[in-house]
Amino acid sequence: MPLRTTTRTGDQALVREINLSLIMNHLLGNSSLSRASLAEVTGLNKSTVSSLVQELIDMHFVREVGLSSSGVGRPSMLLEINPQAGYIVSCELGVDFLSVICADFGADVVWRHHEDTRDRMSQHAIIERMLALLIQAVEAGERLCVNCERLLGLAVGAPGLADRTTGTLLFAPNLGWENVALRDILRDTFPDVPVFVENEANMAALGEYFFGAAKGYREALFVSAGVGLGGAVVLDGALFKGTTGFASEFGHMTMDPDGELCNCGNRGCWETQVSQSALFRLIRKAIERGQPSLLTETTGGNLNRLTVPLVVDAARRRDRVARDALNQVGHHLGVGVASLVNAFNPDLVVFGGIMSLAGEFLLPIIQRELATRALRWNLGATEVVLAQHGSNACVMGGVAMLYQTILSPPGNR
């Protein structure tokens, strides 16, 4: 017997939220739309659209921007996302850096700061510095966001397992941190503000999905390579989280059971082959074997000063050590990406993080390995591209998280 469905009074609020999200999503994807156009693209009737639009205008998320000058008949009032709805502060707490932005509701960055964190800085010192920069970002928003009256939210992306429900950083192996109540710490300083704590790769994936290379794609897989390697899958604007909320830890897939020891305690994790640390390790070993390299000169003989930009510069100058190291890392990246494409069959793979600065060398190798190893039925359907926001994808993802909270239908938040 087929199930009978009934409409409960409480369902009306749910339908309203879904329809508000639908309208906001269409406005986000277009420069401006009229009420009539919104009714056409959403399938909602005109009176419903008018009521919902007025609600969004009252909340300052949408504004009227003038009459349309094209078409026949009476000109229509055009609507757009209101950048002056407020400002958003977003931070990436990296293994060896802090990056903070302030953006308006239109996702235009009005203030930005990036700094490296010193070796052996304590957890307390890093958090205190992060809080100081977040305060600077809020002050910048108050000063630079014209006619923005409110701080809409604050987001922090961290390199590890982040419990989004409690805002606790459960395990960050490359920082050596466990069970850090980041959201509680942040709320002590920002008590009246929505605060989000998320894995940095998840945040970066949302940044690229809403504002970057993955915009307009239904299913996107994100790979972020830095000191470690993070991953994420976004499907229809929502992160795939898994049963416990910690899905897509691609960096800890075992690729070589007898390989390098990973900071997570396992051996041969993918990130031990493809991270910034892996790249530097390959370069050190080559130079220790006596191979000549421009990097010996550019680091002043101190290979602890290696950076990805230095390696990329050497590779552009045809330095053999730099090129060989990038080739090896690219090979391992390609093997892993091909496996992920076979497993997930996504529309798009986005490669980001600091290692994406070497994209001109890594991407062709990744694509070559993909062509060799991916099932041909999957291969033709998947593009592999560099993150549009590069190593800034995570901080843009903080803006996207607030968008997602407002735009996503209930149940996808």
> Does Ala204 qualify as being touching a strand residue (DSSP E or B) at 6+ places or on another chain (Cβ under 8 Å), buried (at least 21 other Cβ atoms within 10 Å of the Cβ) and either at pLDDT below 95 or in a strand (DSSP E or B) (or both)?
Replying inline: no
> Quick check, is Glu369 within 22 Å of His252 (Cβ to Cβ) and among the charged types (D, E, K, R)?
Replying inline: yes
> Only one of (1) at pLDDT 95 or above; (2) part of a loop (DSSP other than H, G, I, E, B) fails for Asn412. Which number is that?
Replying inline: (1)
> Would you say Val399 is in contact (Cβ under 8 Å) with a residue 60 or more places away in the chain and assigned to a helix (DSSP H, G or I)?
Replying inline: yes
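Every residue, every condition in (1) crowded, with 17+ Cβ neighbours inside 10 Å; (2) not aliphatic (A, V, I, L, M), yes or no:
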site: Asn30; (1), (2): no, yes
site: Ser34; (1), (2): yes, yes
site: Glu55; (1), (2): no, yes
site: Glu80; (1), (2): yes, yes
site: Ala85; (1), (2): yes, no
site: Ile88; (1), (2): yes, no
site: Glu92; (1), (2): yes, yes
site: Arg120; (1), (2): no, yes
> When residues of the stretch 31-57 are filtered for being within 30 Å of the chain's Cα centre (by Cα) and without any contact (Cβ under 8 Å) to a residue 40 or more places away in the chain, how many remain?
Replying inline: 7
> Just to be sure, is Ala162 over 23 Å from Ala358 (Cα atoms), hydrophobic (A, V, I, L, M, F, W, C), in contact with a strand residue (DSSP E or B) (Cβ under 9 Å, 6 or more places away or on another chain) and surrounded by fewer than 16 Cβ atoms within 10 Å (Cβ to Cβ)?
Replying inline: no
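Return the residues of the stretch 345-366 that are assigned to a helix (DSSP H, G or I) and more than 21 Å from Leu379 (Cβ to Cβ); say none if nothing qualifies.
Pass one, the stretch 345-366, residues assigned to a helix (DSSP H, G or I): 354-366.
Residues satisfying the conditions are Ile354, Met355, Ser356, Leu357, Ala358, Glu360, Phe361.
Residue under question is Leu221, and the condition is that it be over 16 Å from the mean Cα position of the chain (by Cα) and either among the hydroxyl-bearing types (Ser, Thr, Tyr) or outside the structural domain of Val399 (by TED's automatic domain parsing) (or both); does it hold? Full working, then the answer.
Numbers: over 16 Å from the mean Cα position of the chain (by Cα): no; either among the hydroxyl-bearing types (Ser, Thr, Tyr) or outside the structural domain of Val399 (by TED's automatic domain parsing) (or both): yes.
Judged against the criteria, Leu221 is not a match.
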>> Looking at Gln54 and the list (1) assigned by TED's automatic domain parsing to the domain that holds Ile18; (2) assigned to a strand (DSSP E or B); (3) not small (Gly, Ala, Ser), which single condition is not satisfied?
In response: (2)
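Listed here are the residues, each with its yes/no results for (1) within 19 Å of the chain's Cα centre (by Cα); (2) of a type in the set (D, E, K, R); (3) farther than 30 Å from Asp104 by Cα.
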{"position": "Arg316", "(1), (2), (3)": "no, yes, yes"}
{"position": "Ala338", "(1), (2), (3)": "no, no, yes"}
{"position": "Phe361", "(1), (2), (3)": "no, no, yes"}
{"position": "Ile366", "(1), (2), (3)": "no, no, yes"}
{"position": "Glu369", "(1), (2), (3)": "no, yes, yes"}
{"position": "Leu375", "(1), (2), (3)": "no, no, yes"}
{"position": "Val399", "(1), (2), (3)": "yes, no, no"}
>> Let me spell it out: the conditions are (1) free of Cβ contacts under 8 Å to residues at least 60 places away in the same chain; (2) assigned to a helix (DSSP H, G or I); (3) touching a Phe, Trp or Tyr at 6+ places or on another chain (Cβ under 9 Å), and Ala314 meets all of them except one. Which number is the exception?
In response: (3)
>> Looking at the structure I just gave you, is Glu142 modelled with pLDDT of 90 or more, under 30 Å from Val62 (Cβ atoms) and touching a helix residue (DSSP H, G or I) at 6+ places or on another chain (Cβ under 8 Å)?
In response: no
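The values are calculated or read from the model by the stated rules, or taken from the named source; none is laboratory data. Here the structure is a predicted model, which means the values were calculated and not measured. Glycine gets a Cβ as well: all are built from the backbone with ideal geometry, and neighbour counts include every protein chain shown.
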